[in-house]
Amino acid sequence: MPDTATIQIPAAGTYRLDPEASSISFATRHMFGLGGVHGSFRLISGQITITDPVTSSAASAVIDAASFQTGGAARDKDVKSANFLHAGEHRRINFTSTQLARDGDRWLLRGQITVRGNSAPAELVITEARTDDDGLLVTATTRIDRYAHGLTKKKGLAGRHLDLTITAHATRS
């Protein structure tokens, strides 16, 4: 298996994401960009399919919208409400890849993220991929523009962009 920096191309096959061993964290700004906010979401399920050639590989993930958590009870309740995620009616945030591409030294996973019924493109930069005794570990980062998903309330008070870091552990099926 060839290595590129911290990218190790795993063996072809299907890998199921392990929600308990995976994490999705984010950072954003609020109060006109003056305050930092950090939080997390919980992964429900997902799959990575590695193919030969590797550029035909695919990934999908389902995130629990109601798991949004920053440690601020009032903020978390507001973000889960109809003002933003409307998690009572739109319980899932979905990601489906459309392309895996190499861009110089970087690997990019392009796809669509659907939040509250609105899909928008996303580009994840894979910062680490390696195999271990239990399967596959992948870390990726991306920036999500909430306006692209129709989440435009409280402009200025709530950050427009979320910088996500996804650490996904998957076991071979």
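The values are calculated or read from the model by the stated rules, or taken from the named source; none is laboratory data. Being a predicted model, the structure only gives us computed values, none of them experimental. With ideal geometry, Cβ positions are generated from the backbone for all residues, glycine too; neighbour counts draw on all protein chains shown.
For this structure, a couple of remarks:
- Cβ-Cβ contacts under 9 Å between residues 6 or more apart (or on different chains), taken from a first residue in the range 138-156 that is of a type outside the set (D, E) to a second residue that is assigned to a loop (DSSP other than H, G, I, E, B) and surrounded by fewer than 13 Cβ atoms within 10 Å (Cβ to Cβ), are listed as T139/T6; R146/T152; H149/G117; G150/G117; G156/M31; G156/F32; G156/G33.
- Look at (1) modelled with pLDDT under 95; (2) of a type in the set (V, I, T); (3) more than 18 Å from I48 (Cα to Cα); (4) touching a strand residue (DSSP E or B) at 6+ places or on another chain (Cβ under 7 Å) and you find that T152 fails only one, number (4).
Rundown of residues vs (1) free of Cβ contacts under 8 Å to residues at least 24 places away in the same chain; (2) surrounded by 16 or more Cβ atoms within 10 Å (Cβ to Cβ); (3) among the charged types (D, E, K, R); (4) not in a strand (DSSP E or B), yes/no style:
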position: S67; (1), (2), (3), (4): no, yes, no, no
position: G71; (1), (2), (3), (4): no, no, no, yes
position: F95; (1), (2), (3), (4): no, yes, no, no
position: A101; (1), (2), (3), (4): no, no, no, no
position: W107; (1), (2), (3), (4): no, yes, no, no
position: I113; (1), (2), (3), (4): no, yes, no, no
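- Identity of the residue in the range 74-86, of a type outside the set (A, V, I, L, M, F, W, C) and in a helix (DSSP H, G or I), that ends up modelled with the lowest pLDDT: R75
- Conditions (1) of a type outside the set (S, T, N, Q); (2) part of a helix (DSSP H, G or I); (3) buried (at least 16 other Cβ atoms within 10 Å of the Cβ); number of the one not met by Y147: (3)
- Test result for A61, closer than 18 Å to R116 by Cβ and without any contact (Cβ under 8 Å) to a residue 60 or more places away in the chain: no
- Residues that are charged (D, E, K, R), crowded, with 16+ Cβ neighbours inside 10 Å and farther than 19 Å from T139 by Cβ within the range 20-65 comprise R29, D64, listed in sequence order.
- Residues satisfying the stated conditions in the range 117-133, i.e. closer than 22 Å to R91 by Cβ and either among the β-branched types (V, I, T) or more than 15 Å from the chain's Cα centre (by Cα) (or both): G117, N118
- Criterion violated by E89 - all others in (1) out of contact with any strand residue (DSSP E or B) (no Cβ under 8 Å at 6 or more places or on another chain); (2) closer than 18 Å to T28 by Cβ; (3) assigned to a loop (DSSP other than H, G, I, E, B) satisfied: (2)
- Residue check, F41 closer than 18 Å to A21 by Cβ, assigned to a strand (DSSP E or B) and touching an Asp or Glu at 6+ places or on another chain (Cβ under 8 Å): yes
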